[in-house]
Amino acid sequence: MAVSVRPRRSVLYMPGSNARALEKAKTLPADGLILDLEDAVSPDAKPEARANIVKVLGAGGKPYGKREAIVRVNGLNTPWGMDDIAAVAKLGADGIAVPKVESADGIRQVQAAVRAAGGPEDLPVWAMIETPMGVLRAEEIAGASPAVAGLVMGTSDLAKDLHCEHTFDREPFLTAFSLIILAARAHGVAALDGVHLDLADDDGFAAACAQGRRLGFDGKTLIHPKTVAVANAAFAPSPEAVEKARELIAVYADAVARGQGVVVLDGKLIEQLHVDNARRLVALAEAIAEIGAAAGVSA
């Protein structure tokens, strides 16, 4: 049985106002890019940023190859949000990221704006979860539409609203992380960890990536290219894990073909759920290799 998995180990924000950065992104080994019209762009630069992104994505083809190219628009309640959607809805982006989503209605409003702009009904929508209300309604948001592709943690804004601190162990966010991941898995969508703001804190960044992987996030959102390699390594299955997964799949298939009712590998009982997880892991490793080969960079 074939399993389809899209790697999202590293998803890098790129400011739309920086045309040079948008060009450089074509050479970076990130799995995905968020071409940003919101937080990374000052109010006076937003029209220029929109024009830059339209130029890049509107040139035809897939300018970023197999990398997922998502556009983060401004909120619909801002002076720029509706114009952003009107400009990017038909560009062929891999999705639209929407800031501070707090309800299923927020998703439906974005979809209505996309339709009004002539965009596809199934254009993927990524919901930024950045407020206490967004966290509490994460399940509702994840299930709002088949077009919802994923939930993205926005820990900076969430910390402000929670009146909490950014600690090394990120303990103040653990409840929110769990609720986001539960909602994402319940509805079969992706879950991305928030950004790490201190670019000089290499140890803290590595620890956050490792923690995010343990918790179940698919990958991490990033604010600087220098962090891509660490995130890619943290959220990728190790060669040893992939080899063991292939062995498990083969042993189970052989046992089923022989009509054996009990399958054991390395002294452990193997069931279908273990096979399903092994297939997902192998598919992820193969997809990562494909992205790297297509880009001509190390995955």
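The values are calculated or read from the model by the stated rules, or taken from the named source; none is laboratory data. Remember, predicted model here, so these are calculated numbers, not experimental data. Reconstructed Cβ throughout: ideal geometry from the backbone, glycine too, with neighbour counts over all protein chains shown.
Looking at this structure, is ALA250 in a helix (DSSP H, G or I), farther than 26 Å from PRO7 by Cα and free of Cβ contacts under 8 Å to residues at least 40 places away in the same chain? Against the criterion (in a helix (DSSP H, G or I), farther than 26 Å from PRO7 by Cα and free of Cβ contacts under 8 Å to residues at least 40 places away in the same chain), ALA250 does not qualify. Please work out if THR221 is among the β-branched types (Val, Ile, Thr), farther than 19 Å from LEU281 by Cα and not in a helix (DSSP H, G or I). When the stated conditions are applied, THR221 passes them.
Being of a type in the set (Val, Ile, Thr), assigned to a helix (DSSP H, G or I) and closer than 15 Å to ASP84 by Cα: is that true of VAL54 here? In short, yes. When you scan segment 253-273, do you find a residue that is surrounded by 13 or more Cβ atoms within 10 Å (Cβ to Cβ), more than 21 Å from PRO7 (Cβ to Cβ) and out of contact with any helix residue (DSSP H, G or I) (no Cβ under 7 Å at 6 or more places or on another chain), even just one? Taking every residue of segment 253-273 in turn, at least one turns out to be surrounded by 13 or more Cβ atoms within 10 Å (Cβ to Cβ), more than 21 Å from PRO7 (Cβ to Cβ) and out of contact with any helix residue (DSSP H, G or I) (no Cβ under 7 Å at 6 or more places or on another chain).
Per the listing ALA236, ALA191, ALA210, the residue uniquely out of contact with any strand residue (DSSP E or B) (no Cβ under 6 Å at 6 or more places or on another chain) and within 30 Å of PRO63 (Cβ to Cβ) is ALA236. Residue check: is LEU91 among the hydrophobic types (A, V, I, L, M, F, W, C) and either buried (at least 23 other Cβ atoms within 10 Å of the Cβ) or touching a residue at least 60 places away in the same chain (Cβ under 8 Å) (or both)? Considered against the rule, which asks whether it is among the hydrophobic types (A, V, I, L, M, F, W, C) and either buried (at least 23 other Cβ atoms within 10 Å of the Cβ) or touching a residue at least 60 places away in the same chain (Cβ under 8 Å) (or both), LEU91 comes out as no. Suppose the filter is at pLDDT 95 or above, under 25 Å from PRO63 (Cβ atoms), assigned to a helix (DSSP H, G or I) and of a type outside the set (S, T, N, Q); does VAL114 pass it? Considered against the rule, which asks whether it is at pLDDT 95 or above, under 25 Å from PRO63 (Cβ atoms), assigned to a helix (DSSP H, G or I) and of a type outside the set (S, T, N, Q), VAL114 comes out as yes.
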